[in-house]
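To start, the structure itself, in structure tokens.
The values are calculated or read from the model by the stated rules, or taken from the named source; none is laboratory data. Values in this document were obtained by computation on a predicted structure and should not be read as measured data. Cβ placement follows ideal geometry from the backbone for every residue including glycine, while neighbour counts extend to all protein chains displayed.
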Amino acid sequence: MDSVRFGKLLLAAIALPGVVAGVMTGLSGMSAFVADRPLILAPVPGSVAEAAGNRDVADVVVMSATTDMNRAELARIPLRLHAPAMLTPLEAAVVSERAYMITLVRDRGARLDAATLRRLRCIAQSRKDRGTIAYLAQLDSSSLLCEGVPIPY
Amino acid sequence: MKPSHAAWILTALFAVAVSASVYRIPIQVSDSVEILEAVDKTPSIAAAFTQGLYASRTMLRPMRQTVTKGLLDAAHALGDRYNLVFRGFHAATAAVLIGLFTLVARPRSWADAAALAFALLVLTGLHTFTGMVREAYPINHFLLVAIYCLMVFALAQARPSTWLRAPRRFDAAQGRPQRVEGRAKSRGAAGLAVDVAACACFAIASLTLESGLVVATVAFAAYAAGLRGISRGALVAIAALTVGYVILRVGGLHMIGNAVGERQTGFGTAMLSTTDLRVGFGGRPWVLYAYTILSSALTVPLSQPIAGQWTAVGALKAGDFQQLFYLNDICTSLVATALAVWYMSTRGANGRRRWRDPIPLTSLAVLAGSAALSYAYAKSEIMSAAGVFYALVVFLAVAELARRLAAGTSESLRLPVLVIVLCISSAWAFRAVGLEYRLQRGAFDARSEWVLRMPPYHDPPVPETDARLTLRLRDEALYRGRTNPYLLWPRFGRLWGEN
């Protein structure tokens, strides 16, 4: 490699990652300004169960106005589940392992009858999450038998 | 294409990238709604300034209220579009900062343009930059202070005497007026304008945030290093304004400085609560102050500690060192700092060590000044102006290194050098792209606050009877869908999480 070529390649090696990052994020930024949607880390449309499972309290509030809060839907919860599962918003809220999410989903119209509560307690038990176990135990402190209760994932 | 054109195109791309992500963050609840509601009730901008004078016993930041009032008036005029105005202002100022960075760097050759591409990665990849763009206050005062610092430095770089037209005399031989040889000696009106602008920048910065006082350091350091854009008279005026600031603060408003235990701060590997601080350091505050100043000075070149806390060491001790960003942040910072130290120790064409050149000397002064101002508690944002100047030194170092390597690398070493350089700049690019993740995450968190920090889940930020803007702000935040970081590939959190 002669010195002239080396000089050019050296500048390219210094600049290239910055240029790639600049072009990539810059185009993504233009898309965000023009279409309210970045190209990088773009928002993905989801269900209310998916929002509840992924701690998105704002989407739960917005979607609950127009969605049946008791219907099971396919939900991706990458932090908690290896594969998407059919979950109601309440079940997804328990899977999120955030007690405030269970409160929010209930406040936004999800029904919590005895059978549902038992199923939720069993989900919390299977996840061994102390926060949601304690929260649900406040609602029903009777002894828990999970035999025959289907865990939806 | 000229190198400077390429540099400005790249600058524009970075500016668009950052400002678009900044714009997507809704106005946050904490530290925002209270001030917006309070300022909205003031009848005028002057009244907002007065309110700001008396808003706190420890903080003198009336420009925060003043600018907020101006933006609120604009938002009302546009039909109560608060997000458009406040987030638009934040996005625009982020772009201005990046533009000023390139203006001050003055890339002229292709080596400079390449170094700028690297330095923009350093600028946006540093954790001190994140604080300026992630926190969606009504105005991000840390960002504004960094802008004032760069503006004052750019003014110091200016040569107002060359802006004046050289005088003309009638040349009988030519039969028309001809320019007299040489430049005008007088600074004239242009020089006066530069001086006034520098003083105004300092006055506004110091009344925006306590760390705005560091703008004076920029002016003095730039002068000491040989820049004469700002005259000696203006420096005297800035010194007088500093004295006036102290008189206003202590004598006029009877304000006190931050004492131990007013805010949490890190010490060692722990983040200490205000109670812990009072118990541990109430009787010997100087220990905490010395530690905090030192840790603030280290956070820019080492990316550790964060807010006084050695988070990487804490994670290592806890056996949780899976998070790649600790390793990448520290390693990339060590390389950049080594480059900066090497550059500052070399000699320039005039024979003197380069640490005495304008950008390096100002960088050291801003680092020391910002660290001293954060004596009571450490915060990455307070060091953000120092981070900007650090990136400028890295720019100079990389440009110089590129020239030396191109001229002096033996043939056998050329390929290894290329591979090493590419690895280092790629690591910085990876780190800088993490800003996008952190900003998207910031948008998600700020939007979530509008549910979790509001009734019935939290006390309202202002009593509901006093809340005139809150409902509208809440609607604007909630009905702008944002990326859910938890729905992304989980390892993103490990790659670019919070350090």
Only one of B:Leu164, B:Leu192, B:Leu253 is among the aliphatic types (A, V, I, L, M) and either at pLDDT below 85 or surrounded by 16 or more Cβ atoms within 10 Å (Cβ to Cβ) (or both). Can you tell me which? B:Leu164
Hey, could you check the stretch B:375-416 for residues that are of a type in the set (S, T, N, Q) and surrounded by 22 or more Cβ atoms within 10 Å (Cβ to Cβ) and say which is nearest to the other protein chains (Cβ to nearest Cβ)? B:Ser384
B:Ala338 versus (1) surrounded by fewer than 19 Cβ atoms within 10 Å (Cβ to Cβ); (2) at pLDDT 95 or above; (3) within 20 Å of B:Trp310 (Cβ to Cβ): which is the lone unmet condition? (3)
Give me a count of the residues in the stretch B:269-297 that are among the small types (Gly, Ala, Ser) and either within 28 Å of B:Ala365 (Cβ to Cβ) or part of a helix (DSSP H, G or I) (or both). 5
When B:Ala372 is evaluated against the numbered criteria (1) within 21 Å of B:Gly125 (Cα to Cα); (2) of a type in the set (Gly, Ala, Ser); (3) more than 10 Å from every other protein chain (Cβ to nearest Cβ), which criterion, by number, is the only one it fails? (1)
Pick from B:Ala197, B:Ala221, B:Ala205, B:Ala216: which is more than 17 Å from the chain's Cα centre (by Cα), modelled with pLDDT of 95 or more, assigned to a helix (DSSP H, G or I) and surrounded by 22 or more Cβ atoms within 10 Å (Cβ to Cβ)? B:Ala221
Hits in the stretch A:68-119 - residues which are polar (S, T, N, Q) and within 12 Å of the chain's Cα centre (by Cα): A:Ser96
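For (1) at pLDDT 95 or above; (2) within 14 Å of chain A (Cβ to nearest Cβ); (3) within 25 Å of B:Arg134 (Cβ to Cβ), each residue gets a yes or a no:
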{"site": "B:Met1", "(1), (2), (3)": "no, yes, no"}
{"site": "B:Trp8", "(1), (2), (3)": "yes, yes, no"}
{"site": "B:Val16", "(1), (2), (3)": "yes, yes, yes"}
{"site": "B:Glu37", "(1), (2), (3)": "yes, no, yes"}
{"site": "B:Phe49", "(1), (2), (3)": "yes, no, no"}
{"site": "B:Ala74", "(1), (2), (3)": "yes, no, yes"}
{"site": "B:Pro107", "(1), (2), (3)": "yes, yes, no"}
Restricting to the stretch B:417-441, and then to whatever is closer than 13 Å to B:Ala115 by Cα and among the β-branched types (Val, Ile, Thr), can you tell me which residue is farthest from the other protein chains (Cβ to nearest Cβ)? B:Ile424
Is it true that B:Thr128 is modelled with pLDDT of 95 or more and of a type outside the set (A, V, I, L, M, F, W, C)? yes
Is it the case that some residue within the stretch B:457-478 is within 25 Å of A:Thr25 (Cα to Cα) and under 27 Å from the mean Cα position of the chain (by Cα)? yes
Exactly one condition in (1) among the β-branched types (Val, Ile, Thr); (2) more than 13 Å from every other protein chain (Cβ to nearest Cβ); (3) under 15 Å from A:Ser47 (Cα atoms) is not met by A:Val105; state its number. (2)
Could you list, in sequence order, all residues of the stretch B:461-499 that are within 14 Å of B:Arg81 (Cα to Cα), surrounded by fewer than 17 Cβ atoms within 10 Å (Cβ to Cβ) and within 13 Å of chain A (Cβ to nearest Cβ)? B:Asp475, B:Tyr479
